[in-house]
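Take a look at the structure below.
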Number of protein chains: 2
Amino acid sequence: MSAMRVTQADLVPLARGAAVLGGGGGGDPHIGRLLAERALAQHGEVDVVPVESVPADACVLPIAMMGAPTVMVEKIPSVDQIATALETLARYLGRTPTHVACMEAGGVNSTVPFVAAARLGLPLIDGDAMGRAFPELQMVLPTLGGIQATPMSIVDEKGNKGVLDTIDNHWAERLARSATIDMGCATIVSLYAMTGAQVRDNFVPGTLSLCLDLGRTIERARAEHHDPVRAVADRLGGRVLHTGKVLDVARRTATGFARGEAIVEGLGDQKGSRMVLHFQNEHLLAELDGQLLVTSPDLIVVLDTDTGEPVTTEALRYGHRVSVVSAPCDERWHSPAGIELVGPRYFGYEVDPVRFDGSTSAA
Amino acid sequence: MSAMRVTQADLVPLARGAAVLGGGGGGDPHIGRLLAERALAQHGEVDVVPVESVPADACVLPIAMMGAPTVMVEKIPSVDQIATALETLARYLGRTPTHVACMEAGGVNSTVPFVAAARLGLPLIDGDAMGRAFPELQMVLPTLGGIQATPMSIVDEKGNKGVLDTIDNHWAERLARSATIDMGCATIVSLYAMTGAQVRDNFVPGTLSLCLDLGRTIERARAEHHDPVRAVADRLGGRVLHTGKVLDVARRTATGFARGEAIVEGLGDQKGSRMVLHFQNEHLLAELDGQLLVTSPDLIVVLDTDTGEPVTTEALRYGHRVSVVSAPCDERWHSPAGIELVGPRYFGYEVDPVRFDGSTSAA
């Protein structure tokens with residue numbers, strides 16, 4: 001992989017691809033894109049550099065939006081708020097950041113770091129800490145690698161800010177989640193400050209390039225009148241699980257998350273079959289006629305059947321014709337420690353993990 | 001007033017007097033005293049200096065315990081935790097503290113600052129930010145004087161810590177309260193960093209001396225077989241409202257506070273009369289036979305009728321023979337802004353404030 005310069009025009013396919021990897025979560029990709037477009041227009045284009053090019057002693061500050069995607073749609077962060085999160089952490093650490101990074105590949109959190117990178121004139125790393133999106137802040141590969149989430153900064157749109165310095169990453173999640181709820185269910189956080197060497201060991205490389213490529217794959221399939229859903233499944237090495245029409249969505253914003261279930265009634269070949277998707281920000285379980293097909297940590301993606309456009313959980317509507325794709329996650333998530341952190345039981349589902357192709361997670 | 005050196009022996013009367021000014025709140029005075037005794041034994045005695053002697057450019061860091069007094073009894077803070085709170089704020093500010101100070105005159109929060117002062121070898125200021133105890137952190141005279149509560153540090157006994165930097169003092173209370181609840185309902189905080197000049201304008205001077213004197217007044221009355229309740233009322237310029245027996249106490253630990261009501265059935269001259277005390281950490285309203293006698297911001301103090309020992313709200317028990325004293329607070333609390341901050345309506349009681357002597361608050 002080589003360095004690339006991301007322009008405003010690239011942000012459309014990149015945001016679309018990020019929403020695919022977001023697996024239903026990560027917030028509205030359009031809002032993140034609009035923010036990033038404005039930041040690039042004001043502050044210039046952003047250099048996206050490969051993980052392996054980052055110097056071992058680099059000071060890398062990841063940045064993300066935290067909260068319920070349902071709320072993020074109504075509370076758009078400002079460029080200043082995003083920059084403040086990064087600067088507050090840098091000041092607390094007494095370090096000068098050399099690189100900005102993404103915590104997750106998904107929706108808003110693939111584009112918000114462009115805002116920080118453009119505003120501060122820093123390169124952005126082509127990769128992220130999950131390879132997909134997950135709802136809680138300790139759910140990252142750096143946690144598996146023993147990296148501390150804190151010191152972390154947390155900033156709201158009103159001007160309140162804070163720094164947390166906790167004994168472990170679960171405590172960071174707990175305290176930051178409460179603060180996020182108090183602050184109105186959407187904050188900007190900078191956390192998991194790492195050296196370049198730590199990034200190389202603990203990131204999923206190349207996910208921003210993958211987002212861009214996924215977005216372009218969807219555009220190309222449409223332009224060439226190919227099936228965009230099939231094209232996404234192929235690009236991710238996954239499979240199409242189901243095609244149908246949204247029959248019902250139950251959602252509630254609880255404890256700072258968007259939780260719920262969606263029912264997709266089969267159409268065409270799948271008429272008479274019914275898929276239930278369980279989500280907490282992201283889709284976590286897919287059941288077909290009562291049979292468990294796929295669970296977290298593998299990826300469950302909902303796409304518009306005609307356009308291949310990814311559909312976030314908060315955008316699911318009755319009557320929407322959608323297809324459901326499953327795809328493999330980074331293999332480190334299938335380790336015992338990975339399953340403990342993001343497997344179905346952590347989310348309260350008393351089932352064993354099932355991989356995207358129906359096989360079991362066990363090594 | 002002149003400087004004094006506080007010894008371990010002084011801490012017994014000082015803690016007793018602090019529990020009087022605590023007005024039922026501020027936590028168990030014995031726990032605070034034991035902590036301070038240990039700190040003085042390890043680190044030496046503490047110089048307590050008059051407010052007017054503090055240099056205008058001094059860097060004063062107040063320190064306090066935050067949370068529900070009912071929980072503080074079971075989660076005793078450590079010397080390290082107390083020192084960490086102060087050091088975390090000092091580091092964030094980039095300042096070297098010259099003085100430690102008390103936020104409130106009441107129970108634990110009059111003695112916890114001795115721990116920090118002894119451990120760090122700094123003088124403690126003879127005064128506090130309230131002249132009594134109140135349950136929320138914005139309820140201090142510095143708020144009336146336009147002083148910001150933040151940056152503030154917050155530290156738990158497990159090793160979690162944080163810094164909050166908020167847009168106003170109500171936001172500081174809100175975010176620190178949530179963090180305190182998450183951290184187990186008791187934390188150590190350092191906040192309202194001030195210059196010496198700001199302390200002179202915004203503190204109630206001489207309250208630690210007053211605590212010591214009140215404690216000794218009670219001891220002397222007992223030794224000389226005078227009525228200790230009357231002695232406390234006289235020393236505070238207040239009056240004895242009621243003498244009786246605790247008939248019932250309803251308490252609940254809700255949203256991080258110890259809330260409740262106590263009923264005191266009259267004895268002797270007051271047989272047949274019934275006093276209801278409403279508290280939220282501190283006693284806030286005293287009613288006799290349905291008539292409102294006194295409200296916050298004036299002081300409502302419950303004392304053991306025989307010994308004059310102050311009784312905290314969490315120590316109130318059925319059958320306890322107690323007397324209720326009311327006394328004036330610092331006059332600044334009776335300003336319109338003061339009443340808005342700590343008057344009965346703020347606490348959800350739809351009544352006008354009544355002063356310790358039954359007069360109204362209006363200027």
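What a 1.4 Å probe finds exposed on the range A:145-199 is 54% carbon and sulfur by accessible area, rounded to a whole percent. For the listed peptides A:232-239, B:218-225, A:128-135, a ranking on the average number of other beta carbons within 10 Å per residue, highest first, reads A:128-135, A:232-239, B:218-225. Shielding by partners for peptide A:181-187, expressed as the average number of C-beta atoms from other protein chains within 10 Å of each residue's C-beta, is 2. Surface composition of the range A:64-139: carbon and sulfur make up 51 percent of the accessible area, probe 1.4 Å. Among the trypsin sites (Lys or Arg not before Pro) in the range B:306-344, those placed in a DSSP loop whose Cβ has at most 11 other Cβ atoms within 10 Å are B:R317.
Could you give the angle, 0 to 90 degrees to the nearest 10, between helix B:207-223's Cα long axis and the longest principal axis of the Cα atoms of chain B? Roughly 40 degrees between the two axes.
Secondary structure note: in the range A:94-233, about 80% of the DSSP beta bridges are antiparallel. Surface burial for A against B, with a 1.4 Å probe and both sides summed, reaches about 1900 Å² of accessible area. I need the shape label for the range A:227-347. Rule: rounded when a/c is under 1.5, else prolate if a/b > b/c, else oblate, with a, b, c from the alpha carbon gyration tensor. Note, shape of the range A:227-347 comes out oblate.
Residues of the range B:158-180 that become at least 30 Å² less accessible with every protein chain present than in their own chain isolated, using 1.4 Å: which are they? Correct list: B:K158, B:N160, B:K161, B:V163, B:D165, B:I167, B:W171, B:R174, B:L175, B:S178. Working from label points 7 Å from Cα in the Cα-to-Cβ sense, the A:Y346 to A:A197 distance is 2.7 nm. Taking all protein chains into account, the per residue accessible area for the range A:121-249 stands at 31 Å² (1.4 Å probe). Counting only residues at least eight positions apart within a chain, or on another chain, the lysines with an alpha carbon under 29 Å from that of B:K271 are B:K245. With a Förster radius of 35 Å applied to the beta-carbon distance between B:A41 and B:A337, the computed FRET efficiency rounds to 0.25.
Axis of helix B:29-43 versus longest Cα principal axis of chain B: the two differ by about 30°, to the nearest ten degrees. Counting only other chain Cβ atoms within 10 Å of each residue's Cβ, the peptide B:92-99 averages 1. Shown for B:R230: label points 7 Å from Cα along the beta-carbon vector, and their distances to the equivalent points in the other copies, 10.1 nm in ascending order. Of all DSSP bridge pairs formed entirely within the range A:4-207, close to 70 percent run antiparallel. Counting only protein heavy atoms and using a 1.4 Å probe, what share of the accessible area of the range A:201-341 belongs to carbon plus sulfur, as a whole percent? C and S fraction of accessible area: 48 percent. Calculated accessible area for the range B:6-71 comes out at 28 Å² per residue, all protein chains present (probe 1.4 Å; ligands, DNA, RNA ignored).
Take B:G159, push a point 7 Å out from Cα through the beta-carbon direction, and compare it with the same point in every other copy: 3.7 nm, smallest first. What the range A:260-304 shows is 32 Å² of accessible area per residue, with the surface traced by a 1.4 Å probe over protein heavy atoms. Quick one: helix B:169-182 against the long Cα principal axis of chain B, what's the angle to the nearest 10°, folded into 0 to 90? That works out to roughly 90 degrees. Distance between Cα centroids, the range B:226-288 to the range B:26-68: provide it in whole Å. Using only Cα atoms to place each centre, the spacing works out to 28 Å.
The values are calculated or read from the model by the stated rules, or taken from the named source; none is laboratory data. Note that the coordinates shown come from a computational prediction; the quantities given were computed from them, not determined experimentally. Here Cβ is always computed from backbone atoms with ideal geometry, including for glycine, and neighbour counts include all displayed protein chains. When the accessible area is computed, the model is the full protein with side chains, heavy atoms only, and any ligands, DNA or RNA have been set aside. Shrake-Rupley method; radii C 1.70, N 1.55, O 1.52, S 1.80 Å.
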